[in-house]
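The values are calculated or read from the model by the stated rules, or taken from the named source; none is laboratory data. On a predicted model such as this, the values are computed, not experimentally measured, just so you know. Every residue, glycine among them, receives a Cβ derived from its backbone with ideal geometry; neighbour counts consider all protein chains shown. Areas reflect the complete protein model, heavy atoms only, side chains present, ligands, DNA and RNA absent. Shrake-Rupley method; radii C 1.70, N 1.55, O 1.52, S 1.80 Å.
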Amino acid sequence: MQAWNSAPVQRLQLSAPAARVHLFDSASQTFVPAGPEEGTARLYVCGITPYDATHMGHANTYVSFDLLNRIWRDAGLEVAYVQNVTDVDDPLLERATATGVDWRELAEQQIQLFRDDMEALNVIPPAHYLGAVETIPLVVDLIAELQQRNAVYPVDDPEFADLYFAQASDPQFGSLSHLPEQEAIAIFAERGGDPDRPGKKGPLDCLVWRQQREGEPGWDSPFGTGRPGWHIECTAIALQLLGSDFDVQAGGSDLVFPHHEMCASEARVATDQPFAKSYVHSGMVGLDGEKMSKSKGNLVLVSALRQQGVDPMAIRLALLSNHYRDDWSWTDDVLVAATERLARWREAVRLDAGLNADEVIDRMRAALRNDLDAPAALAAVDAWAGASTAIDADDSAAPALIAQACDALLGVRL
Ligand code: 5CA
Ligand code: ZN
């Protein structure tokens with residue numbers, strides 16, 4: 001599937017060899033070096049299920065991991081970036097039915113909206129952007145591999161013998177989320193799982209192939225006409241495009257369990273290798289203290305703000321003003337503050353001269369290499385802009401260099 005258009009990514013001069021990027025890994029609960037010392041860093045960020053796109057929670061996740069893409073590139077690495085689109089799954093089909101729209105039309109329209117929003121927010125597109133529907137053959141091959149390893153079974157149900165991945169086939173199951181079993185079961189039920197379905201061997205076994213029901217789409221396969229389960233989609237896409245043991249799988253913290261745990265488990269059993277080296281998660285964004293969701297009627301959409309004439313760079317700066325791992329709430333004040341900050345920065349980079357930029361750029365880089373600390377990077381630019389407008393500075397190259405650094409490292413065009 002087509003991603004969105006890429007704006008040219010500025011290249012800054014490196015004054016010294018780049019220090020490794022460190023990120024907080026959810027599995028080990030420690031800060032770990034992320035990406036190779038040279039060559040290609042391999043990144044998989046879980047993409048949208050195309051409805052309610054693009055709310056601030058979505059936007060925050062993709063802008064956060066865009067920082068990782070940028071700071072890796074800044075260090076001279078190539079980045080192999082893969083993202084999926086869950087363009088067939090229960091929530092999408094349910095929304096399509098509830099609103100009387102064809103599910104394909106809903107997906108197509110929402111994916112286009114998402115592309116337009118990502119482009120406006122200056123998010124570097126993935127090299128491979130893949131939908132669940134177009135990758136069904138990959139999923140079928142992976143299920144067959146798991147079947148050969150006795151890790152997949154048909155649920156004991158005379159009507160619909162859906163296939164499940166047996167959690168018991170993976171001794172390392174749980175090593176990402178570290179949840180006590182009862183808690184895992186409760187979260188599984190909340191996030192699309194079916195712990196209580198009769199005929200399963202274990203409550204945490206997850207669906208990998210769902211036999212076609214009346215009124216639902218289905219594709220032919222050796223296991224019958226049906227459709228893939230959610231987790232196996234990302235496992236199959238990542239293994240195919242990035243291979244085992246890739247650098248980072250990323251997404252919002254709601255994906256730690258079950259999604260990323262299941263992806264990692266299925267991949268381990270299928271390949272005898274780790275799925276990713278690190279699992280990195282962004283915080284949840286709510287609205288005025290509540291979780292953002294359509295049912296609560298409190299979605300803030302990027303496209304709606306853009307239509308109201310809000311500068312997408314102000315939206316981006318608003319997102320970056322919070323650390324990516326924090327949970328926080330979108331408020332009007334966050335956007336007002338970001339709009340003012342953008343104006344201050346723009347004023348400073350339009351001056352004939354400013355304070356020397358070298359130290360500021362060093363601070364921005366150090367902040368981002370330290371677990372993508374965008375608020376610290378923003379503070380460095382704030383300090384530069386404040387000083388440059390207040391005093392009669394004489395470095396005529398500085399304003400352009402800062403503008404270049406803001407674009408290259410933060411994705412903020414001034
Ligand atoms: N298609 C799956 C991933 S394979 C999915 O979770 N889709 S989604 O549309 O629900 O979410 C897309 C991304 O946005 C995921 O990384 C998810 O963790 C993140 N996300 C969803 N809601 C929020 C929120 N309120 N705050 C922050 N991130 C969110
Ligand atoms: Zn995913």
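Placing unit charges on the Cβ atoms of the charged side chains and taking the dipole of region 23-282 about its Cα centre, the candidate lying farthest along the positive direction among Ala80, Leu121, Ala96 is Ala80. The solvent-accessible area of Thr235, taken with every protein chain present and a 1.4 Å probe, is close to 0 Å².
Test of understanding: extend the Cα→C-beta vector of Asp194 to 7 Å, then name every residue of region 134-176 with backbone N under 14 Å from that spot. Within reach of a label on Asp194, which here means backbone N under 14 Å from a point 7 Å along Cα→Cβ, region 134-176 contributes 153-165. Restricting region 340-388 to trypsin sites (Lys or Arg not before Pro) that sit in a DSSP loop and have at most 16 other Cβ atoms within 10 Å of their own Cβ leaves Arg350.
In loop segments of region 183-239 as defined by DSSP, the GluC sites (Glu not before Pro) with at most 13 further C-beta atoms inside 10 Å of their C-beta are Glu214. In the chain, the longest principal axis of the Cα atoms and the axis of helix 230-242 are about 60 degrees apart. 3J(HN,Hα) couplings calculated from phi for region 217-227 with the Karplus curve 6.51 cos²θ - 1.76 cosθ + 1.60 (θ = phi - 60°) are, in sequence order, x, x, 10, 5, 7, x, 9, x, 6, x, 8 Hz; Gly and Pro show x.
Based on DSSP H segments of at least four residues, each scored -39500 (n - 2.57), the chain has a per-residue ellipticity at 222 nm of -12500 deg cm²/dmol.
Dipole size in debye (nearest 20) for region 308-356 around its Cα centre, Lys and Arg Cβ +1, Asp and Glu Cβ -1? Don't jump to the answer; show the numbers that get you there.
Values: 6 positive and 8 negative charges, 42 e Å.
Here region 308-356 has a charge dipole of around 200 debye.
With the whole protein complex present, Ser278 retains an accessible surface near 10 Å², based on a 1.4 Å probe. Spatial offset of region 323-352 relative to region 230-249 amounts to 35 Å, using the alpha carbon center of each. Relative to the longest principal axis of the Cα atoms of the chain, the long axis of helix 261-271 lies at roughly 70 degrees. Using alpha-carbon positions, what is the distance between the centroids of region 166-193 and region 384-406, in Å? Taking the Cα centre of region 384-406 as reference, the centre of region 166-193 is 51 Å away.
In whole percent, what relative contact order does the chain give with Cα contacts below 8 Å and a gap of six or more residues? Let's see the in-between values first.
Working: 743 pairs, mean separation 84.6, N = 414.
Reported relative contact order: 20 percent.
Our coupling estimate for region 350-365, obtained by passing each phi through the Karplus curve with A = 6.51, B = -1.76, C = 1.60 and θ = phi - 60°, is 8, 5, 5, 8, x, 5, 3, 8, 4, 5, 5, 5, 4, 5, 4, 5 Hz, Gly and Pro reported as x. Once backbone amide H atoms are built at 1.01 Å from N, Val85 has Leu130, Gly131, Ala132 as its partners under 5 Å, excluding neighbours fewer than 5 places away on the same chain.
Magnitude of the charge dipole for region 243-341, about its Cα centre and with charges confined to Cβ atoms of Lys, Arg (+1) and Asp, Glu (-1), is about 200 debye. Using only side-chain charges placed at the Cβ, +1 for Lys and Arg and -1 for Asp and Glu, the dipole size of region 23-282 relative to its Cα centre rounds to 340 debye.
How big is the antiparallel share of DSSP beta bridges in the chain, given as a percent to the nearest 5? If you can, show how the numbers build up before the last one.
Values: 19 of 42 bridges.
Here the share of antiparallel DSSP bridges comes out near 45 percent.
Given a 1.4 Å probe and every protein chain left where it sits, what share in percent of the accessible area of region 274-414 is carbon and sulfur? With neighbouring chains kept in place, the figure for region 274-414 is 48 percent.
Shown in residue order for region 111-122 are the 3J(HN,Hα) couplings computed by the Karplus curve 6.51 cos²θ - 1.76 cosθ + 1.60 at θ = phi - 60°: 5, 5, 4, 4, 4, 5, 5, 4, 5, 4, 7, 6 Hz (x for Gly and Pro).
With viscosity 1.002 mPa s and temperature 20 °C, the Kirkwood radius over alpha carbon pairs of the chain converts through Stokes-Einstein to a diffusion coefficient of 96 µm²/s. Amide H to amide H distances under 5 Å link Ala34 with Val21, His22, Leu23, where only residues 5 or more positions off or on other chains count and H is placed in the peptide plane.
Residues of region 204-242 falling in the label zone of Gln273, defined by backbone nitrogen less than 12 Å from a point 7 Å along Cα to beta-carbon, are 239-242.
Could you do me a favour and compute the accessible area per residue for the chain, 1.4 Å probe, result in Å²? The partial results should precede the final answer.
Numbers: 17220 Å² over 414 residues.
I get 42 Å² per residue for this part.
The residue list Pro274, Gly297, Met262 was ranked by how far each Cα lies along the charge dipole of the chain toward its positive end, using unit charges on Cβ atoms, and Pro274 comes out on top.
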